[in-house]
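A.B. asks: The structure follows.
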Amino acid sequence: MNEDSSTRSDAGGSAGAGGFDFQDRVAAWFAVAILASEAAAPVQGLWTGAVEQVACETGEPVDDCRVRTTAGVTLALQAKRSITLGATETSELAKTIGQFVAQHLLPGRDADRLVLVTTSEASGAVRNDLGQALQRLRNSPVGSDIAALQLNAKQASAYKVFTAHASREWKQQRDNAPSASELEGFLRQCYVWTLDVEVGGTAEIGALDRLRTSVIAAAGQATAAWNVLLSTCRQLAINHGEAGLEQLQESLVLSGVALATLLNFTADVARLTRLTEETLEQLSSGLTTPRPKEP
């Protein structure tokens, strides 16, 4: 199918089965990771640390989801349920890369990891060839040329399309073409990630299992909990909001979902600790050590 002939296949915001957008489902998947905390292992090569916050419709160039981890990693995610390796300037791929470039050029955002998150419905040229080419670049020493990456023909073709879009968008946004080091620095921040989180997809099944084993008290409430999180993330998108552990736990509890994990009292414990330390300091300043009585 020609990429530009269908708006549905490439539309990350189009509502799928169950009435929720793909980006809602991506955000809900991360919400489960937040709730599971350390029990949710990071995706190798994509981030480190535990996921601690998800934001939706952020207003930034890459606006579908922003995710932050305890290791200080920021993911800026653009969700595309399906996408092909479009070489034209009007393709969905070109539009996404333009958003990536704009995000990368924001002050202080050059370390954001720019993630094109898609499903198995995306073309293999994007999911496999492009994803693998970018991974090979990240795994290579800084300054490596394309020959050193040892790409096969399909990977080299996908890499060429991606870099052509990136160079053109950079020049349009900055009025100057990127230097070789600037382009490489940008490309090293770009990722392609397949997350089959639609109804019945492997990622949705995994999220439900994680809810049962690490988050909720009654395994039979997993589907109800997942639907609450989908609705919560849809509302985050409408309100351009963000949520962490406390807000997500509260949304489940208020919806009648019993948690296996304790509510997060970290902030309360910190306040109590500070109060105790201050009290002890005040007491110690007014106390004197009694001298033993002489015989």
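We did not get these values from a lab; they are worked out from the coordinates using the rules stated. Quick caveat: nothing in here was measured; it's all calculated off a predicted structure. Here Cβ is always computed from backbone atoms with ideal geometry, including for glycine, and neighbour counts include all displayed protein chains.
A.B. asks: So who's got an amide H within less than 5 Å of the one on Gly241, skipping anything under 5 residues away but keeping other chains? H placed 1.01 Å off N, in plane.
C.D. replies: Correct list: Cys56.
A.B. asks: Additional query: Just to be sure I understand: if I project the alpha-carbon convex hull of the range 49-118 onto a plane and average over all orientations, what area do I get in nm²?
C.D. replies: 4.9
A.B. asks: For Thr163, Thr74, what's the fewest-to-most ordering of other Cβ within 10 Å of each Cβ? Working shown, then result.
C.D. replies: Values: Thr163 19, Thr74 15.
In increasing order of surrounding Cβ atoms, one gets Thr74, Thr163.
A.B. asks: Can you divide the C-alpha Rg of the range 1-286 by 2.2 N^0.38 Å and report the result to two decimal places? Provide the component values of the computation, followed by the final result.
C.D. replies: Details: Rg = 21.2 Å, N = 286, 2.2 N^0.38 = 18.9 Å.
Relative to the rule-of-thumb radius for its length, the range 1-286 sits at 1.12.
A.B. asks: Which one, Asn239, Phe162, Trp29, is farthest towards the positive end of the dipole of the range 1-286 when Lys and Arg carry +1 and Asp and Glu -1 on their Cβ?
C.D. replies: So the residue we want is Phe162.
A.B. asks: Something else now. Which order results if His165, His240, His104 are arranged by neighbouring Cβ count within 10 Å, fewest first?
C.D. replies: In increasing order of surrounding Cβ atoms, one gets His240, His165, His104.
A.B. asks: Then there is this: Computed from the mean reciprocal separation of all distinct C-alpha pairs, what Kirkwood hydrodynamic radius does the range 132-205 have, in Å?
C.D. replies: Radius from the Kirkwood sum: 13.9 Å.
A.B. asks: Non-local amide H neighbours of Gln53 (under 5 Å, H modeled in plane, Pro and chain starts lacking H): which ones?
C.D. replies: Residues meeting the criterion, in which the H sits 1.01 Å from N, are Arg68.
A.B. asks: For the range 190-233, which semi-axes, largest first and in whole Å, follow from the square roots of 5 times the eigenvalues of its Cα gyration tensor?
C.D. replies: Working from the Cα gyration tensor, I get semi-axes of 21, 12, 10 Å.
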